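Below you'll find the structure, written out as structure tokens, and then a few comments.
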Amino acid sequence: MSATHLPVDTKAVLSQIEAAAAEGKLSAGAVDNLRAWLTEPRYAEYAARVAEHVEEEMWKELDNVFWTIIPFGTGGRRGKMYPIGSNAINDRTIGESAQGLADYVKDHAKDHAKDHAKKHAEGKSGRLACAIAYDTRHRSRRFAELCAGIMAAAGFKVWFLDGYRSTPELSFTVRYKKCDCGIIVTASHNPPSDNAVKAYWSCGGQLLPPHDQGVIDRVMSVEKIRKIPFDECLASGQVEYCQEEVDQAFLDAVLRQSRPGSRDLKIIYSPLHGVGASAVMPTLAAAGFEGVELFGPHAQPSGDFPNVPGHVSNPENPRVFDIIIERAKQIGAALIMATDPDCDRMGCAAPKTSDIYGPWDVLTGNQISSLLAAYLLDIGHRQGTLTPESYIVKTMVTTELLRRIADSYDVRTVGDLLVGFKWIGQAIDEHGPADFILGAEESYGYLAGAHVRDKDAAVASMLMAELAAAAKAAGLSLHEKLDELFCEYGCHRETQVSVKMPGSQGMDRMRALMQQFRAQPPRSLAGIKVARLRDYLNQTVTPIGGEPAPLAGPCGDVVILDLEAAGNYVAVRPSGTEPKVKFYMFAHDPPIAGEDLEARKQTQAERIAAMQADLTSFAGV
């Protein structure tokens with residue numbers, strides 16, 4: 001008899017749980033959720049395994065995976081995989097996510113029948129449709145098939161990307177196939193233990209108000225998960241593979257953003273064991289870059305991410321480039337690019353000068369954003385395609401160097417956005433895709449073009465390769481191009497630090513810390529007085545020692561402390577996907593003729609380090 005069908009002495013198991021709680025081995029939330037998984041019919045298939053854990057007194061594991069219900073946030077669910085648990089990624093929590101999305105989309109379709117009649121007139125089938133993709137992580141294919149079976153059981157036509165594909169290609173598929181929603185199974189750059197499901201709306205972007213909360217409500221109220229076996233769905237045509245058609249259409253759309261110029265550049269590209277080779281390599285080849293090497297040690301798709309530091313495939317970590325730089329010097333490459341496992345973020349490293357055998361350094365997300373903006377705006381200016389309606393988009397924690405560059409070209413900046421690329425996608429639709437130049441966020445996400453409503457590492461990699469080749473032709477490195485921007489617009493330096501707060505007490509600590517910043521903010525940072533506090537949750541701006549006034553802008557859990565030195569500030573926010581608080585630090589000094597730029601960079605590095613020390617001391621971490 002299988003474990004899932006063994007009889008369970010529920011009363012005895014519950015008694016053990018109560019005793020463990022009395023001894024402080026289980027939190028109150030874990031007790032409540034364990035009781036639900038043992039007694040409620042919707043969790044019946046998991047009761048035996050829960051009982052086994054209790055009988056083996058696996059209290060730490062049980063508390064970790066049951067202390068709360070893993071939230072379906074504004075984008076989806078993300079966390080550690082474990083076969084049972086309300087606070088883990090498993091068949092039940094993934095299934096609830098897909099079922100809740102299906103239920104909400106169906107109800108929304110009923111309420112908006114006119115919209116569907118319009119779509120039908122535009123060539124869309126009257127049947128609801130969903131696009132699904134998955135990355136290289138463990139169990140991603142299984143979870144994708146589970147989601148497909150659930151969407152099919154709910155009456156959706158499922159367009160399935162068979163094989164590892166990028167998150168931006170999923171966004172593109174939703175738009176290209178005129179789907180009502182989309183799902184991708186990926187945990188981005190999280191550790192190998194994690195997985196996630198991200199939900200997309202018909203625009204190809206992640207869920208926005210009011211749909212985000214509407215889907216959350218339905219996910220949290222799911223009782224029964226209805227599904228059809230994946231093989232049956234394929235045989236009946238309810239699920240249809242579409243990767244060959246979509247791959248080509250996606251590539252064509254990315255290539256439309258290519259600019260003419262030199263292609264004389266050796267490049268090393270690393271997918272960091274993720275899906276990126278399916279998108280970036282074909283893009284670079286089609287854009288005319290022949291000297292591209294796929295970095296061998298990172299080429300194998302693997303959910304273990306075996307050959308990257310700490311087994312965390314994150315291009316934001318400079319250490320992932322160390323061994324690639326060694327290879328670049330061996331073959332004479334002048335650019336390294338790496339993408340995260342689902343290929344929506346891109347990081348890069350380049351020689352500090354035109355001497356490719358000399359010192360190398362990585363570029364931050366803010367620096368890459370600024371270089372791309374200057375590249376695209378300069379081309380637009382020379383071609384005469386910029387208009388007063390042209391605009392770039394960034395989040396509020398992304399460098400203001402972007403705005404200063406855009407201002408110099410008389411281009412608008414839409415920059416007062418909450419963190420998350422979905423807000424950039426929304427801005428593109430609100431302001432019109434025809435005038436959109438670039439969307440960027442400091443966390444290594446960039447978009448040019450209107451083919452998706454999410455960040456896209458394929459288009460970013462292509463444009464960065466073009467920019468690096470143009471710089472090489474001019475006898476410059478990317479770092480020297482960045483220095484040119486600093487000389488023209490002032491020296492900028494930004495750093496982001498995350499403080500993890502895991503476990504059942506983590507959320508309480510995060511809430512208390514955010515309240516501390518609001519109620520009693522530090523009076524100075526790095527020896528510079530704090531001038532005012534911007535509280536985007538309460539939408540107030542308060543001079544230190546003064547009275548609050550209304551704050552224009554979006555509503556979200558973000559606090560910004562503006563220092564008396566103009567252009568220097570810090571932002572604090574809890575992560576929307578992981579149990580941690582993020583500190584963003586910004587230093588800026590206006591351009592000074594004849595300034596020693598290297599000395600200024602060092603001064604700013606020391607200022608940022610002092611900000612960080614003061615913030616972590618204030619936070620007690």
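The values are calculated or read from the model by the stated rules, or taken from the named source; none is laboratory data. Nothing here was measured: the structure is a model prediction, and the numbers come from that model. A quick note on method: Cβ atoms are made from the backbone with ideal geometry, for glycine too, and the neighbour counts reach across all protein chains shown. The accessibility values were calculated without ligands, DNA or RNA, using every heavy atom of the protein model including side chains. Shrake-Rupley method; radii C 1.70, N 1.55, O 1.52, S 1.80 Å.
At-a-glance table
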quantity: Checking SER354 against (1) without any contact (Cβ under 8 Å) to a residue 60 or more places away in the chain; (2) farther than 24 Å from THR136 by Cβ; (3) of a type in the set (S, T, N, Q), the condition it does not meet; calculated: (1)
quantity: Filtered residues of segment 504-521 (kept if of a type outside the set (Lys, Arg) and crowded, with 18+ Cβ neighbours inside 10 Å); calculated: GLY506, MET510, LEU513, MET514, PHE517, PRO521
quantity: Criterion violated by GLY214 - all others in (1) at pLDDT 95 or above; (2) closer than 30 Å to ASN64 by Cα satisfied; calculated: (1)
quantity: Output for segment 181-193, where each listed residue is of a type outside the set (Val, Ile, Thr) and crowded, with 19+ Cβ neighbours inside 10 Å; calculated: CYS181, GLY182, ALA187, SER188, HIS189, ASN190, PRO192
quantity: Test: residue in segment 8-16 that is small (Gly, Ala, Ser) and more than 36 Å from the chain's Cα centre (by Cα); calculated: yes
quantity: From the options ALA153, ALA113, residue that is open to solvent by 20 Å² or more (accessible area, probe 1.4 Å), on the phi < 0 side of the Ramachandran plot and at pLDDT below 95; calculated: ALA113
quantity: Leading residue by the ranking (modelled with the lowest pLDDT) among those in segment 583-605 that are of a type in the set (D, E, K, R) and surrounded by 13 or more Cβ atoms within 10 Å (Cβ to Cβ); calculated: GLU595
quantity: Subset tally (residues that are among the β-branched types (Val, Ile, Thr) and farther than 30 Å from GLY420 by Cα) for segment 44-99; calculated: 2
quantity: Residue, surrounded by the most Cβ atoms within 10 Å (Cβ to Cβ), within segment 458-499, restricted to residues that are among the polar types (S, T, N, Q) and within 28 Å of SER575 (Cβ to Cβ); calculated: SER461
quantity: Which numbered condition CYS203 misses (of (1) in a helix (DSSP H, G or I); (2) open to solvent by 10 Å² or more (accessible area, probe 1.4 Å)); calculated: (1)
quantity: Per-region count, segment 545-573, residues farther than 20 Å from ALA613 by Cβ, buried (at least 16 other Cβ atoms within 10 Å of the Cβ) and of a type in the set (A, V, I, L, M); calculated: 2
quantity: Only one of SER258, SER262, SER270 that is buried (at least 19 other Cβ atoms within 10 Å of the Cβ), among the polar types (S, T, N, Q) and either in contact with a strand residue (DSSP E or B) (Cβ under 6 Å, 6 or more places away or on another chain) or in contact (Cβ under 8 Å) with a residue 60 or more places away in the chain (or both); calculated: SER270
quantity: Hits in segment 323-363 - residues which are of a type in the set (S, T, N, Q), at pLDDT 95 or above and over 24 Å from the mean Cα position of the chain (by Cα); calculated: GLN330, THR353
quantity: Count - residues of segment 438-457 that are surrounded by fewer than 24 Cβ atoms within 10 Å (Cβ to Cβ) and either aliphatic (A, V, I, L, M) or assigned to a strand (DSSP E or B) (or both); calculated: 1
quantity: Residues of segment 479-512 classified as closer than 25 Å to ASN317 by Cα and among the aromatic types (Phe, Trp, Tyr), total; calculated: 1
quantity: Residue satisfying condition, being in contact with a helix residue (DSSP H, G or I) (Cβ under 8 Å, 6 or more places away or on another chain), touching a residue at least 12 places away in the same chain (Cβ under 8 Å) and surrounded by fewer than 17 Cβ atoms within 10 Å (Cβ to Cβ), within set PRO297, PRO306, PRO282; calculated: PRO297
quantity: Residue among ALA51, ALA44 that is among the hydrophobic types (A, V, I, L, M, F, W, C), open to solvent by 40 Å² or more (accessible area, probe 1.4 Å) and either within 22 Å of MET220 (Cβ to Cβ) or in contact (Cβ under 8 Å) with a residue 24 or more places away in the chain (or both); calculated: ALA44
quantity: Total residues in segment 222-237, condition open to solvent by 40 Å² or more (accessible area, probe 1.4 Å) and closer than 20 Å to ASP180 by Cβ; calculated: 4
quantity: Checking PRO209 against (1) open to solvent by 50 Å² or more (accessible area, probe 1.4 Å); (2) touching a residue at least 60 places away in the same chain (Cβ under 8 Å), the condition it does not meet; calculated: (2)
quantity: Condition check for GLY545: on the phi > 0 side of the Ramachandran plot, touching a residue at least 12 places away in the same chain (Cβ under 8 Å) and of a type outside the set (Val, Ile, Thr); calculated: no
quantity: Odd one out for ASP103 among (1) open to solvent by less than 60 Å² (accessible area, probe 1.4 Å); (2) under 12 Å from VAL219 (Cα atoms); (3) within 24 Å of the chain's Cα centre (by Cα); calculated: (3)
quantity: Positions within segment 398-421 being closer than 20 Å to GLN206 by Cα and either crowded, with 24+ Cβ neighbours inside 10 Å or in contact with a helix residue (DSSP H, G or I) (Cβ under 9 Å, 6 or more places away or on another chain) (or both), in sequence order; calculated: THR398, VAL414, GLY415, LEU417, PHE421
quantity: Strands (runs of 3 or more DSSP E) wholly inside segment 531-583 containing at least 1 residues that are within 26 Å of the chain's Cα centre (by Cα) and of a type in the set (Lys, Arg); calculated: 569-574
quantity: Selection status of THR577, buried (at least 16 other Cβ atoms within 10 Å of the Cβ), touching a strand residue (DSSP E or B) at 6+ places or on another chain (Cβ under 7 Å), of a type in the set (Ser, Thr, Tyr) and at pLDDT below 95; calculated: yes
quantity: Subset tally (residues that are under 26 Å from the mean Cα position of the chain (by Cα), farther than 13 Å from ILE17 by Cβ and not in a loop (DSSP other than H, G, I, E, B)) for segment 52-68; calculated: 2
quantity: Test: GLU430 is surrounded by fewer than 22 Cβ atoms within 10 Å (Cβ to Cβ) and of a type in the set (Asp, Glu); calculated: yes
quantity: Strands (runs of 3 or more DSSP E) completely within segment 266-384 that count 1 or more residues being of a type in the set (Val, Ile, Thr); calculated: 267-270, 292-294, 335-339, 360-363
quantity: Residue among ILE392, ILE424 that alone is open to solvent by less than 50 Å² (accessible area, probe 1.4 Å), at pLDDT 95 or above and in a helix (DSSP H, G or I); calculated: ILE424
